[in-house]
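Q: Quick one: the structure is below, questions incoming.
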Amino acid sequence: MTILTFTWEGPFKPTEIISRLTDAGTAPDYDGNDYGLYQMYGRHIIAGRDALLYIGEATQQTFSARFRQHQSWLVHEWPIRVYVGRIYLARRHSAKDQWAGWRADVLTAERLMIYKYSPHYNSVHIAERPLLVALQRIVLVHRGKRHRLQSRDVAPDDWE
């Protein structure tokens, strides 16, 4: 069993993320604080207010850089509230492998969360069960301001 713990912070407005969450770290490690997962909430025609619209990742760019890419459609989705989740486990995550283990954990968590929560605007990873080849069971622990996420997600148990 693998346990991945995310610490969530928010809510933020998209403009706050663009202006404040810019810590990329320094070369060559780029071990800044502003990388990880994010969840966006807003109004949805079917689900109403405070609906989970999107789950995404910022692994090779900061949250700020990622949200600049969302700007073109976010202007039509006001008001949006965003929560960012960070993970760092010293025993699993290191600059020695150029953060490959960290990135793999974040991407795995993103896939598991999209499959479980089915955000309205995600189109990738929503219909196919994530493969859990070597890791038979993954527990995502959500701490801090997780908003509407459950405190724990357990894959594949939550899927049945």
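The values are calculated or read from the model by the stated rules, or taken from the named source; none is laboratory data. Small disclaimer: the values here were computed from a predicted structure and weren't measured. Cβ: placed from backbone, ideal geometry, glycine included. Neighbour counts: every protein chain shown. Quick note on the areas: whole protein, heavy atoms, side chains included, nothing else; ligands and nucleic acids left out. Shrake-Rupley method; radii C 1.70, N 1.55, O 1.52, S 1.80 Å.
Q: Report the gain in length on full extension from GLN98 to HIS76: 0.36 nm times residue separation, minus Cα-Cα distance, nm rounded to one decimal.
A: The span from GLN98 to HIS76 would gain 4.2 nm if fully extended.
Q: Here is a further query. Determine how many Å³ per residue the convex hull of the Cα atoms of segment 31-132 encloses.
A: Cα convex hull per residue, to the nearest whole number: 106 Å³.
Q: Starting from the Cα gyration tensor of segment 104-150, take the square roots of the eigenvalues, sort them a ≥ b ≥ c, and report rounded, prolate or oblate (rounded when a/c is under 1.5, otherwise prolate if a/b is larger than b/c, else oblate).
A: Taking the square roots of the gyration eigenvalues as a ≥ b ≥ c, segment 104-150 is oblate.
Q: Quick check: the distance between the Cα centres of segment 3-58 and segment 62-82, to the nearest angstrom?
A: Each part reduced to its Cα centre gives a spacing of 10 Å.
Q: Report the relative contact order of segment 1-95, percent, no decimals, based on alpha-carbon pairs under 8 angstrom and at least 6 residues apart.
A: 40
Q: Would you mind working out the magnitude of the charge dipole of the chain relative to its Cα centre, with +1 at each Lys and Arg C-beta and -1 at each Asp and Glu C-beta, to the nearest 20 Debye?
A: Its charge dipole is roughly 300 debye.
Q: Here is a follow-up. Under a 1.4 angstrom probe, counting protein chains only, how are SER118, SER123 ranked by accessible area, largest first?
A: Per-residue accessible area, sorted high to low, gives SER123, SER118.
Q: Among the aspartates and glutamates, which fall within straight-line cross-link reach of LYS13, defined as a Cα-Cα distance under 13 Å, with same-chain neighbours fewer than 8 residues apart omitted?
A: GLU77
Q: Another question about this same structure. Computed FRET efficiency, Cβ-Cβ of ARG143 and ASN33, R0 22 Å: what is it to the nearest 0.05?
A: 0.90
Q: What is the sum of charges, Lys and Arg at +1 and Asp and Glu at -1, for the other residues whose Cβ falls under 10 Å from the Cβ of GLY144?
A: Combined, the nearby Lys, Arg, Asp and Glu give +3.
Q: OK, next. Once you have the Cα-Cα distance between ARG91 and SER19, take 0.36 nm times their residue separation minus that, and quote the gain in nm to one decimal.
A: The span from ARG91 to SER19 would gain 22.8 nm if fully extended.
Q: Determine the order of VAL84, VAL75, VAL141 by accessible area, beginning with the largest, at a probe radius of 1.4 Å.
A: Ranked from most to least accessible, the order is VAL75, VAL141, VAL84.
Q: Using packing as a proxy for protection, rank 46-54, 88-96 so that the peptide with the highest average count of other Cβ atoms within 10 Å comes first.
A: Highest mean packing first, the order is 46-54, 88-96.
Q: So what is the calculated 222 nm ellipticity per residue for the chain, using -39500 (n - 2.57) for each DSSP H run with n of 4 or more, over all residues, to the nearest 500 deg cm²/dmol?
A: Helix contribution divided over all residues of the chain: -7000 deg cm²/dmol.
Q: Shape call for segment 1-84 from the C-alpha gyration tensor, a ≥ b ≥ c root eigenvalues: rounded (a/c under 1.5), prolate (a/b greater than b/c) or oblate?
A: Judged from the Cα gyration tensor, segment 1-84 comes out oblate (a/c at least 1.5, b/c at or above a/b).
Q: With every protein chain left in place, what is the accessible area per residue of the chain in square angstrom, probe 1.4 Å?
A: With the other protein chains kept in place, the chain gives 56 Å² per residue.
Q: Please work out how much length the chain gains when fully extended from LEU107 to THR5, using 0.36 nm per residue of separation minus the C-alpha to C-alpha distance, in nm with one decimal.
A: 35.4 nm
Q: ALA47 versus LEU132, label points 7 Å from Cα toward the beta carbon: distance in nm?
A: In this crude label model, ALA47 to LEU132 measures out at 2.2 nm.
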